[in-house]
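Presented below is the structure to which this report refers.
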Amino acid sequence: MLKTREILRLRHELGLSLREIGQVCSCGKTTVLEILLRAKRAEIVWPIELSEKQLMSRLYPPTGTRTSA
């Protein structure tokens with residue numbers, strides 16, 4: 001699982017770059033950027049007062065339901 005909360009903390013508390021955050025969290029800078037953009041769209045601000053489940057639900061909302069024909 002991605003270290004979403006840690007990525008947000010490193011960006012907002014320490015002001016690290018995408019590359020630095022990626023190195024700390026062992027993920028690519030594009031992954032870091034995607035998470036930061038999703039957080040911005042979801043209007044998530046630091047410090048986060050959401051549970052892990054709530055955070056993930058806000059970052060990755062359902063895209064709609066599929067119906068079988």
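The values are calculated or read from the model by the stated rules, or taken from the named source; none is laboratory data. This structure is a prediction, so every number in the text was calculated from the model and none was measured. Heads up, the Cβs are rebuilt from the backbone with ideal geometry, glycines too, and the neighbour counts pull from every protein chain shown. These accessible areas exclude ligands, DNA and RNA; they are computed on the full protein's heavy atoms, side chains included. Shrake-Rupley method; radii C 1.70, N 1.55, O 1.52, S 1.80 Å.
Annotations for the structure displayed:
- Surface composition of the chain: carbon and sulfur atoms hold 53% of the protein heavy-atom accessible area at a 1.4 Å probe.
- Were the residues from Leu50 through Gln23 laid out at 0.36 nm apart, the gain over their Cα-Cα distance would be 7.2 nm.
- Normalised by the number of residues in the chain, the mean separation of alpha-carbon contacts (under 8 Å, six or more apart) gives a relative contact order of 26 percent.
- Separation in nanometres of the label points that stand 7 Å from Cα toward Cβ, at Arg5 and Ser57: 1.6
- Net charge of the neighbourhood of Pro61, taken over other residues with C-beta under 11 Å away and scored Lys/Arg +1, Asp/Glu -1, is +3.
- Ligands, DNA and RNA are left out, and with a 1.4 angstrom probe the accessible area of the chain is 76 Å² per residue.
- Where GluC sites (Glu not before Pro) fall in DSSP loop in the chain, at most 12 other Cβ within 10 Å: Glu43, Glu49
- Working from label points 7 Å from Cα in the Cα-to-Cβ sense, the Glu34 to His12 distance is 2.1 nm.
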